[in-house]
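Encoded as structure tokens, the structure appears first; notes follow it.
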Amino acid sequence: MTTGSLLLVSSNGGLTLWSGNNPEFQWRQPMPMSLPIYDRPADLTELEIDSYFRQRAMDWITSHPVAFVTNAVEKVIVLYSFDPLTRSSGHETLYRLVDSSRTASCFPFILLGLVLNLKNDGLAVLLGYILFMTLLAAVFFGDSRIRAPIQPYLYIYGVLGVQAFVKWLAGRPRGIALSERTGDKSL
């Protein structure tokens, strides 16, 4: 039933904004909610908690615009780094290494696919989605987990880059014929 008023689907937007934009922000994945920076007044409703943290975040952002932009740039770097600052041990490190090498080997093709398809209207929606998620990560989030929903779309651009590279290789001249290299006219 439509009530004619805004209904909140999620009430943690302010907390999320605060977790990635505060004076103690560090590259912990995710930043532990037990830190004193997350202390809040008692007896607040969920909506009041959201408003409280949103206001704290906006106050910090407006009073520290350079730190906000610096954080945003660093968040994008962490978002697309091949081995984000996660802590794990044992066999998890091997899995991360395999994933990182796979992503690193695809990265040039992803860039090629993106550049060659900038004017492709059919792929503009995917590019818009990737840019939107990147912007969300830069403003709100302090960890690289937000990369998960966009990674398949990055691989689509990677496939397009591989396809363009293969077409380019196929169109190159094959080289000098054997008879021209040896000078033998009888071949």
* Which pairs do you get when a residue that is under 19 Å from residue 67 (Cα atoms), found in segment 25-52, comes within reach of a residue that is hydroxyl-bearing (Ser, Thr, Tyr) and at pLDDT below 85, reach meaning Cβ atoms under 7 angstrom, with the pair 6+ apart or on two chains? -> 31/19
* Among the residues of segment 143-164, is there at least one that is surrounded by 15 or more Cβ atoms within 10 Å (Cβ to Cβ), over 19 Å from residue 107 (Cα atoms) and touching a residue at least 24 places away in the same chain (Cβ under 8 Å)? -> yes
* **Those residues of segment 65-117 which are in a loop (DSSP other than H, G, I, E, B) and at pLDDT below 55, in sequence order** => 84, 85, 86, 87, 88, 89, 90
* Restricting segment 41-80 to residues that are surrounded by 13 or more Cβ atoms within 10 Å (Cβ to Cβ) and charged (D, E, K, R), the residue that is farthest from the chain's Cα centre (by Cα) -> 48
* To do: Looking only at segment 18-39, decide whether some residue is closer than 16 Å to residue 139 by Cβ, at pLDDT 85 or above and surrounded by fewer than 18 Cβ atoms within 10 Å (Cβ to Cβ).
  => no
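The values are calculated or read from the model by the stated rules, or taken from the named source; none is laboratory data. Bear in mind the structure is a predicted one, so any value in this text is a computation, not a measurement. All Cβ positions, glycine included, derive from the backbone under ideal geometry; neighbour counts span all protein chains shown.
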